[in-house]
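To keep things clear, I will list the structure first and then write my remarks on it.
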Amino acid sequence: MTEPVRLAKRVAELAGCSRADAERYVEGGWVSVDGVVMDRPQHKVTKESVSIDPAATLAAPEPATILLNKPAGFDAISGPRPAAALVTAAARWANDSSGVRWLKRHLASLTPLVPLDREASGLIVLTQDGRVWRRLSEDGDEIEHEYIVEVSGDIAPWGLRRLCHGLSYQGRELPACKVSWQNEIRLRFAIKAVQGGQLRDMCKQVGLEVIAIRRIRIGRVALAKMPEGSWRYLPAGERL
């Protein structure tokens, strides 16, 4: 009977490389066991078929940034129903054109950024990349977000103008933003530095009740046609 050995040892034998390099190949997602990518060097194998991608390199994998279309009822940052739990291999958007290879390690230490109310849906960001974290944390108030807000009721006179400039929230005068009607029941907000509950309160101040909120853009990154509950990678060339 064949004794189990660490995957890294088998890869070192196949590639004729050091054990350290073999571990880097495995951790980089370049090694498959019976056709399934395995990125844990300590995984034990016996008679399984082990193969190394011909394009394998020893470069460390880039940290991942994930764009998720959060459904309503999930917590963007913290709470009992974390949206991060939706990021699974099966939920990756079929039309993700990033070219990033899926690795299990992309689920480790994902930090959720850019808050979104629990009852709202739409684009959220989770990242392992310190550069993205700094961009969305340190410069977050300067990044424009776009929302589609479904409303009911009759807007007050000059209500649209007041939504664009002239309202306050929690004792703070709100800066100017861009608000327009998308159709007879949906408003489009292009706005910066939104706080929790702010959009609902703004609409209430002009006589409107919010039915649903969906974020469709953060900076230069749009939700596009990604289905609810699906996610895609942010590729290296795409900036928020």
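Picking from 214, 220, which residue would you name as being within 12 Å of residue 145 (Cα to Cα) and surrounded by 18 or more Cβ atoms within 10 Å (Cβ to Cβ)? Please lay out each step first, then the result.
Working: 220 fails: surrounded by 18 or more Cβ atoms within 10 Å (Cβ to Cβ).
Only one candidate passes the filter, namely 214.
Of all the criteria given as (1) of a type in the set (Val, Ile, Thr); (2) buried (at least 19 other Cβ atoms within 10 Å of the Cβ); (3) under 19 Å from residue 61 (Cα atoms), the one not satisfied by residue 111 is (2).
Taking the condition out of contact with any strand residue (DSSP E or B) (no Cβ under 8 Å at 6 or more places or on another chain), polar (S, T, N, Q) and at pLDDT 95 or above, does residue 168 pass? Answer is yes for this residue. When 89, 84 are screened for being within 15 Å of the chain's Cα centre (by Cα) and surrounded by fewer than 16 Cβ atoms within 10 Å (Cβ to Cβ), only 89 passes.
Pull out all pairs, ordered by first then second residue, where Cβ-Cβ is under 7 Å, the residues are six or more apart or on different chains, the first lies in segment 145-169 and is under 16 Å from residue 216 (Cβ atoms), and the second is of a type in the set (Phe, Trp, Tyr) and modelled with pLDDT of 95 or more. Going by the 7 Å Cβ cut-off, the qualifying pairs are 146/189; 147/189; 149/189. Taking the criterion of being in contact with a Leu (Cβ under 7 Å, 6 or more places away or on another chain) and among the hydrophobic types (A, V, I, L, M, F, W, C), the residues of segment 142-186 that qualify are 143, 149, 151, 155, 167, 174, 179, 181.
The values are calculated or read from the model by the stated rules, or taken from the named source; none is laboratory data. As the structure is a computational prediction, the values presented were derived from the model and not from experiment. With ideal geometry, Cβ positions are generated from the backbone for all residues, glycine too; neighbour counts draw on all protein chains shown.
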